[in-house]
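The values are calculated or read from the model by the stated rules, or taken from the named source; none is laboratory data. Only a predicted model underlies this, so the values are computations on that prediction, with no experimental measurement involved. Positions of Cβ are backbone-derived with ideal geometry, glycine not excepted, and every protein chain shown enters the neighbour counts. Calculation scope for accessible area: heavy atoms of the full protein, side chains included, ligands and nucleic acids excluded. Shrake-Rupley method; radii C 1.70, N 1.55, O 1.52, S 1.80 Å.
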Amino acid sequence: MTKIVNHWIGGKSVDGTSGNFGPVTDPATGVVTTKVAFASVDEVDAAVQTAKDAFVTWGQASLAKRTEILFRFRALLDANRDAIAELITAEHGKVHSDALGEVARGLEIVDLACGISVQLKGELSTQVATRVDVSSIRQPLGVVAGITPFNFPAMVPMWMFPMAIACGNTFVLKPSEKDPSAAVKIAELLAEAGLPDGVFNVVHGDKVAVDRLLEHPDVKAVSFVGSTPIARYIHTTAAAHHKRVQALGGAKNHMLVLPDADLDAAADAAVSAAYGSAGERCMAISAVVAVGAIGDELVEKIRERAEKIKIGPGNDPTSEMGPLITAVHRDKVASYVEGAAAEGCEVVLDGTGYTVEGFEDGHWIGISLLDKVPTSAKAYTDEIFGPVLCVLRVDTYEEGVALINSSPFGNGTAIFTRDGGAARRFQLEIEAGMVGVNVPIPVPVGYHSFGGWKDSLFGDHHIYGNDGTHFYTRGKVVTTRWPDPSEAPAGVDLGFPRNH
């Protein structure tokens, strides 16, 4: 029997009523294993109303109460790591160890939310004028929404809702319809932790559900992670409806390798960052920029390592890379490799014909490596979101920086070098929101915010960290003047001497 994934509204599973369902496929087999209910406008409205009703009390709940529940949730999340990772592998396809790593990174943000009281401290200035004090406080917004992608079905929602509910908001999550089960499992754990009904809700669906969340007058803020075209649409539409927006878009992350770099370390890093999670992550390194004469040696070292990666089902402990999420996406990724030679690329490795014995109907693609890639090639200009690595050649550091800065994307970048001066200069000159120095995937820890520049971010706030706290709260300034007790009207004696 096909499993059905329903909505989670008001602390319980709620059957879909629209009659519309989407297929959820096991990427390793190509078999549809699950149907997910798609919400109608009325169902989205019901979830938002439930969250709005819950905000009446949750928004006034003490910080101690909020963090107590989050601490319990953290313990449950930790105890259920494997169960969540298994759901991710079954629906996304990534290997189990990668899925476990995703849950671990999400736990970092839960940790941050458990200590939110420090970040929500206000400010006080006394005696700004005679007996006048000024204080600044931060208060929750109300109902906020998260719209999250398929590639990290547990981690990306946890970038959002722990901070949001810790700040006193209520939350409506619209996860990817391609791998929805992890979101429902998280909702169950939150309920088990004692989160009041309606504080966290999940509605599944497609553009109908997304557009209603963007338009709904009771949704005060929207967080999004996905491709650049959709991020731009989310930002434009939500802002037009007077909402706060943090919309994280796509990427084309570059790794600049200088002639003095440890080439073995650089090759290891390039392979891990390009092909980990089958390249389906916005922080993947998809372009290596080799400076000077090291290009041939570096490409050979990358090729040697890439050819050894074992591709197979995510639940096979020996697999290092799993399939892609859908057959359509697999075919799109393959098209970039198939057309690469005609655009002037040298195809070092071509993974487009790869299959796994016994799983021939899975969404498989092998490792692809393209060298001497011109900046005009589609494999370079587009975000591929698959296991395809482009290598570009430049003569100098300055030429490499100019190439990277000319990209419309500015999510993450890295430099590999032994020269501290060059690394420092790179940090200051490069136009990207996250920079790694001999670190290929510079994803910040929870207490530093995540986000890019240029077409990789729409909105003013990065996600989690201090930016997350500010995004999910709004500031209020209170100016107070109290008369001194010695100035009380005649006939009232509070025990203060008149010569006070």
Review point. Do we have any residue at all in the range 306-329 that's buried (at least 16 other Cβ atoms within 10 Å of the Cβ) and among the basic types (Lys, Arg)?
Key: no
Practice item. Would you please name the residue that is most open to solvent (accessible area, probe 1.4 Å), looking only at residues in the range 7-19 that are in contact (Cβ under 8 Å) with a residue 60 or more places away in the chain and of a type outside the set (Gly, Ala, Ser)? Key: 12
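Quick one: which of 89, 148 is of a type in the set (S, T, N, Q), in contact with a strand residue (DSSP E or B) (Cβ under 7 Å, 6 or more places away or on another chain) and crowded, with 17+ Cβ neighbours inside 10 Å?
Among 89, 148, only 148 is of a type in the set (S, T, N, Q), in contact with a strand residue (DSSP E or B) (Cβ under 7 Å, 6 or more places away or on another chain) and crowded, with 17+ Cβ neighbours inside 10 Å.
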**Study point:** Flag if residue 400 is touching a Leu at 6+ places or on another chain (Cβ under 7 Å) and open to solvent by 10 Å² or more (accessible area, probe 1.4 Å)
**Key:** no
Check your understanding: All but one of (1) assigned to a helix (DSSP H, G or I); (2) open to solvent by less than 30 Å² (accessible area, probe 1.4 Å) hold for residue 188; which doesn't?
Key -> (2)
Review point. Given the structure, is residue 298 assigned to a loop (DSSP other than H, G, I, E, B) and crowded, with 21+ Cβ neighbours inside 10 Å?
Key: no
Check your understanding: Among the residues of the range 225-235, is any assigned to a strand (DSSP E or B) and surrounded by 17 or more Cβ atoms within 10 Å (Cβ to Cβ)?
Key -> yes
Practice item. Within the range 156-176, identify whether any single residue is among the basic types (Lys, Arg), outside any loop (DSSP other than H, G, I, E, B) and crowded, with 24+ Cβ neighbours inside 10 Å, and answer yes or no. Key: yes
Check your understanding: If residue 62 satisfies every condition in (1) under 25 Å from the mean Cα position of the chain (by Cα); (2) of a type outside the set (A, V, I, L, M, F, W, C); (3) exposed (fewer than 15 other Cβ atoms within 10 Å of the Cβ) but one, which is the exception?
Key -> (1)
**Study point:** Test: residue 251 is touching a residue at least 40 places away in the same chain (Cβ under 8 Å) and in contact with a helix residue (DSSP H, G or I) (Cβ under 7 Å, 6 or more places away or on another chain)
**Key:** no
Study note, to complete from the structure: Selection from the range 133-152 of residues more than 17 Å from residue 244 (Cβ to Cβ) and charged (D, E, K, R) yields 133
Review point. Which one is nearest to residue 155 (Cα to Cα), of the residues in the range 460-474 that are under 15 Å from the mean Cα position of the chain (by Cα) and open to solvent by 10 Å² or more (accessible area, probe 1.4 Å)?
Key: 462
Review point. For residue 414, all conditions in the list (1) surrounded by fewer than 24 Cβ atoms within 10 Å (Cβ to Cβ); (2) modelled with pLDDT of 95 or more; (3) within 22 Å of residue 268 (Cβ to Cβ) hold save one; what is the number of the exception?
Key: (1)
Point to revise | Test set (1) open to solvent by less than 10 Å² (accessible area, probe 1.4 Å); (2) under 23 Å from the mean Cα position of the chain (by Cα); (3) not aromatic (Phe, Trp, Tyr) - residue 244 fails condition number | key: (1)
